[in-house]
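Novice: Structure below; questions to follow.
Every read-out reported here was derived from the displayed coordinates using simple, explicitly stated rules and does not represent laboratory data. Computed from a predicted structure; not experimentally measured. So basically every Cβ, Gly included, is an ideal-geometry build from the backbone, and we count neighbours across all protein chains shown.
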């Protein structure tokens with residue numbers, strides 16, 4: 001999966017392991033950084049960058065050919081220009097664009113310009129990967145590029161992700177629909193595991209959060225139905241119907257938003273004390289007078305919320321089915337062992353509701 005986080009850049013130098021400089025087992029110097037992107041005070045994406053000096057850099061040119069670059073030539077503009085864009089690290093700061101074909105130089109530049117980067121509003125892009133520990137998998141967000149956002153740019157802060165998921169009817173969990181208006185899809189993503197394992201399907205959880213939907217609003221219902229259709233579901237008479245094939249593995253590409261922190265809870269009169277309610281009923285005080293400073297938050301959660309299908313590439317017409325039997329798919333599912341440890345790397349693995357009207361965009365309802 002790919003990620004695009006918009007928020008304020010943060011790298012706390014006082015926190016252990018956020019910045020590490022050392023040598024690998026073979027004696028090569030490396031830099032490990034663990035910054036975060038703060039989309040809101042209760043929502044941030046924890047990222048990582050790792051760069052190591054090497055004798056030669058194995059990369060790809062603009063024609064898709066594998067090439068090797070001597071370390072001493074890595075900063076030559078002519079050399080950098082031959083490398084494919086997706087194999088570069090890019091940072092745009094103070095209107096200037098800087099390109100690197102070595103993540104080590106990328107990390108070094110960030111540290112040299114850290115005071116300038118701190119709390120700056122940025123777009124951070126990169127790719128996700130998985131590591132595995134004690135029977136569970138967790139996501140790691142490796143930064144490829146950082147772009148400073150101009151002051152007049154009105155894009156919203158968000159922790160966005162894009163990727164393909166795979167699921168069948170047994171992956172659909174409707175237990176929270178009646179109480180919370182949430183649909184959980186325990187779907188799979190295709191992940192590179194190792195040289196021996198290759199790519200496998202790894203289970204993860206995704207949620208369609210319908211808690212903001214006004215079920216008396218025809219426009220909201222129409223928008224909901226369109227989303228459900230791309231998951232093989234539908235909304236009928238207050239209930240969710242599963243329309244997926246009995247023996248089929250569906251797949252589709254979606255945009256998601258990551259909620260990594262405590263969700264803000266809508267403040268209502270039910271949360272007021274009896275005395276506060278009396279003063280509100282008497283017209284002396286209002287609900288706003290008793291709203292807690294800084295908002296009200298629930299338990300800390302990490303959720304991947306469905307936003308919209310991409311309708312791009314192979315998925316221009318939406319949801320598809322794999323040309324394979326469920327038993328064949330199951331053979332390709334990666335089972336995380338209880339005693340399996342994270343990758344042997346020289347650094348550790350990582351790891352607001354509001355009233356809407358008819359004019360609000362659909363992304364505000366579901367993301």
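Novice: Gap in Å between the Cα centre of the range 127-171 and the Cα centre of the range 63-84?
Specialist: Cα centres, the range 63-84 to the range 127-171: 28 Å.
Novice: Evaluate the distance, in nm, between pseudo-label points positioned 7 Å from the Cα of residue 329 and of residue 289 along their respective Cα→Cβ axes.
Specialist: About 5.7 nm separates the two model spin labels.
Novice: Under the 0.36 nm per residue contour assumption, what length would be gained going from the current alpha-carbon distance of residue 97 and residue 66 to full extension? Provide the component values of the computation, followed by the final result.
Specialist: Values: separation 31, 0.36 × 31 = 11.16 nm, distance 2.50 nm.
In short, 8.7 nm is gained.
Novice: What is the packing order of peptides 240-246, 198-204, 304-310, taking the mean over residues of other C-beta atoms within 10 Å and listing the highest first? Walk me through the intermediate numbers first.
Specialist: Numbers: 240-246: 13.7, 198-204: 15.7, 304-310: 19.7.
Highest mean packing first, the order is 304-310, 198-204, 240-246.
Novice: Can I ask one more? Label point 7 Å out from residue 162 along Cα-to-Cβ: which residues of the range 74-94 have amide N under 15 Å?
Specialist: Once the point is set 7 Å along Cα→Cβ of residue 162, 86 turn out to lie under 15 Å by backbone N, inside the range 74-94.
Novice: Rank by packing, highest mean first: peptides 315-326, 40-51, 185-196, with packing defined as the count of other Cβ atoms within 10 Å averaged across residues.
Specialist: On the way: 315-326: 12.9, 40-51: 19.4, 185-196: 15.2.
The packing order, highest mean first, is 40-51, 185-196, 315-326.
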